[in-house]
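One structure is given here, and the rest of the page talks about it.
The values are calculated or read from the model by the stated rules, or taken from the named source; none is laboratory data. Keep in mind it's a predicted model, so treat the numbers as computed, not measured. Every residue, glycine among them, receives a Cβ derived from its backbone with ideal geometry; neighbour counts consider all protein chains shown.
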Amino acid sequence: MAEIYLARQKTDLGATRLCVVKQILPALAGDSQFSDMLVHEAKLAARLNHANVVQVFDLGRADERLFIAMEYVEGFDLNDLLKRCSRAKVPMPFELAVHVLREALRGLDYAHRRADDAGAPFCIVHRDVSPSNLLLSFEGEVKVCDFGIAHANDRLFTSGQHEMDEALRGKAGYMSPEHARGEGIDARADVFAAGIILWELAAGRRLYKIDDGRGSLLEQARAAVIPELPKRGLPEEAELQRIVSKALSKDKDARYQAAGAMLRDLEGYAARARLMTSPLQLGDWLERTFGEEILEKRRARERAAAALERGAPVVVQPIAQEVAAAPTPAPAPAAPSASGPLALGSVDLGPPSSQTKAPLAKQGGQAGKVIWAAAVVVLLVLVAAAVVMLART
């Protein structure tokens, strides 16, 4: 639905900051219903100011193109991270997975409760809580993005645009049954989606799959047949199953009535299971596991943005084109050891990669230089002492 650019915002007094600009594709920006709904929802999203929500800076039109400028989060979305884990065969530690969902629920709870200046609730519902809309930064932050955009997308379900209809149905893997049936939804639909993410992180696979006899993702979402979590030796599995089952109740009245209620239970589970962790640990794991290559690409983009600001010739290309697509399942999160927090598990990672060897070799070379320099200094001191002794005799 959009081309995504890294940009640099500059004030009249010279202050700058990086941001992301989503430029809506012309075919969609020209749809009056879509544009009106997107503008309305983006205005609401701009009222959100929370550590776990991506902030909207600006909304407007330039050269007849509708755009949204928002906070730049340097890291991964959860969908991208799980794909990388799958390719590298590196399980995501389960305590970090629980931490990600706890932080996402914190942002959702804030948005659901947000009221205007007179105290009237905005009744904001995200409508597309999925791994691709949970952003994880190298600082360990977890932020929910794209509030309201899914609401504008829903307008296209009835607009007769077959291509968008097919693309949006790819998001059905995280829809509540009432949403999939086209009924009115409230915050409990977001709770259901969060429950699917928790189920998948605990099970290590997708909840809904397109297999023979299962029907489309949309049909499976309408039926909402939820199997029990597989037994994988996770801590306090019975309590985890209870939380998942309540979040994924087909009857929305039996579901958690608010994201905050699910958050309280998940926090209690994490404390009892000794799975409490911090943003610092999440950021450290992200950077150690996947950071080097990504950071170099990001730095190159930042240099290009700075060069563009100086007027240097730069080929401007979008860093991504946003599409609706089903995420790739990750390998099962690592099971916790009996001795303490979750580790990477028993996956054989093989010998260090060249990316790992290079810093180690550099460190070894620097250490060797220091040792040789110290040895030379000691030798010179010994020689000087010997000379002094001979002079005295």
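Report, by residue number, each residue of segment 221-235 that is in a loop (DSSP other than H, G, I, E, B) and surrounded by 16 or more Cβ atoms within 10 Å (Cβ to Cβ).
Ala224, Ile226, Leu229, Leu234, Pro235
Only residues that are touching a residue at least 12 places away in the same chain (Cβ under 8 Å) and among the polar types (S, T, N, Q): list them for segment 1-17, please.
Within segment 1-17, Gln9, Thr16 qualify.
Mind listing just one residue for me: the one in segment 5-30 that is outside any helix (DSSP H, G or I) and touching a Phe, Trp or Tyr at 6+ places or on another chain (Cβ under 6 Å) and, of those, farthest from Val73 (Cα to Cα)?
First pass over segment 5-30, keeping only residues outside any helix (DSSP H, G or I): 5-25, 30.
Narrowing further to those that are touching a Phe, Trp or Tyr at 6+ places or on another chain (Cβ under 6 Å): 18-21, 23.
Numbers: Leu18: 9, Cys19: 8, Val20: 9, Val21: 12, Gln23: 17 Å.
If we take residues in segment 5-30 being outside any helix (DSSP H, G or I) and touching a Phe, Trp or Tyr at 6+ places or on another chain (Cβ under 6 Å), then Gln23 is farthest from Val73 (Cα to Cα).
Kindly indicate whether Glu309 is at pLDDT below 95, among the acidic types (Asp, Glu) and either touching a helix residue (DSSP H, G or I) at 6+ places or on another chain (Cβ under 8 Å) or surrounded by fewer than 16 Cβ atoms within 10 Å (Cβ to Cβ) (or both).
Working: at pLDDT below 95: yes; among the acidic types (Asp, Glu): yes; either touching a helix residue (DSSP H, G or I) at 6+ places or on another chain (Cβ under 8 Å) or surrounded by fewer than 16 Cβ atoms within 10 Å (Cβ to Cβ) (or both): yes.
Answer is yes for this residue.
With in the same structural domain as Asp190 (by TED's automatic domain parsing), over 30 Å from Thr16 (Cβ atoms) and either modelled with pLDDT of 95 or more or among the charged types (D, E, K, R) (or both) as the only criterion, which of Pro91, Pro131 stands out?
Checking each option against the conditions leaves just Pro131.
Can you give me the number of residues within segment 59-73 that are at pLDDT below 90 and surrounded by fewer than 19 Cβ atoms within 10 Å (Cβ to Cβ)?
So the answer is 7.
From Pro121, Pro131, which residue is under 11 Å from the mean Cα position of the chain (by Cα) and either surrounded by fewer than 19 Cβ atoms within 10 Å (Cβ to Cβ) or within 17 Å of Ala247 (Cβ to Cβ) (or both)?
The unique qualifying residue is Pro131.
Where residues in segment 18-39 are out of contact with any helix residue (DSSP H, G or I) (no Cβ under 8 Å at 6 or more places or on another chain) and touching a residue at least 40 places away in the same chain (Cβ under 8 Å), which of them is farthest from Arg106 (Cα to Cα)?
We begin by selecting, within segment 18-39, every residue out of contact with any helix residue (DSSP H, G or I) (no Cβ under 8 Å at 6 or more places or on another chain); these are 19-23, 25-27, 30, 32, 36, 39.
Cutting the leftovers down to touching a residue at least 40 places away in the same chain (Cβ under 8 Å) gives us 19-23.
Numbers: Cys19: 23, Val20: 23, Val21: 25, Lys22: 25, Gln23: 28 Å.
Ranking the qualifying residues of segment 18-39, first place goes to Gln23.
Scan Leu266, Leu198, Leu240 and give me the residue that is touching a helix residue (DSSP H, G or I) at 6+ places or on another chain (Cβ under 7 Å), closer than 22 Å to Phe147 by Cα and part of a helix (DSSP H, G or I).
Values: Leu266 fails: closer than 22 Å to Phe147 by Cα; Leu240 fails: closer than 22 Å to Phe147 by Cα.
Of the residues listed, the single one that is touching a helix residue (DSSP H, G or I) at 6+ places or on another chain (Cβ under 7 Å), closer than 22 Å to Phe147 by Cα and part of a helix (DSSP H, G or I) is Leu198.
Pairs, please: C-beta under 6 Å, at least 6 apart or cross-chain, first residue assigned to a loop (DSSP other than H, G, I, E, B) and in segment 273-288, second small (Gly, Ala, Ser)?
Close Cβ pairs (under 6 Å, with a partner that is small (Gly, Ala, Ser)) amount to Met276/Ala270.
Return the only residue of Arg232, Arg299, Arg272 being among the basic types (Lys, Arg), out of contact with any strand residue (DSSP E or B) (no Cβ under 9 Å at 6 or more places or on another chain) and not assigned by TED's automatic domain parsing to the domain that holds Val98.
None of the other options fit; the residue is Arg299.
For segment 1-38, which positions are at pLDDT 85 or above and either aromatic (Phe, Trp, Tyr) or more than 26 Å from Leu308 (Cβ to Cβ) (or both)?
Within segment 1-38, Tyr5 is the sole residue that qualifies.
Being assigned by TED's automatic domain parsing to the domain that holds Ser176, farther than 17 Å from Leu105 by Cβ and surrounded by 20 or more Cβ atoms within 10 Å (Cβ to Cβ) is the requirement here; does Ala202 meet it?
Answer is no for this residue.
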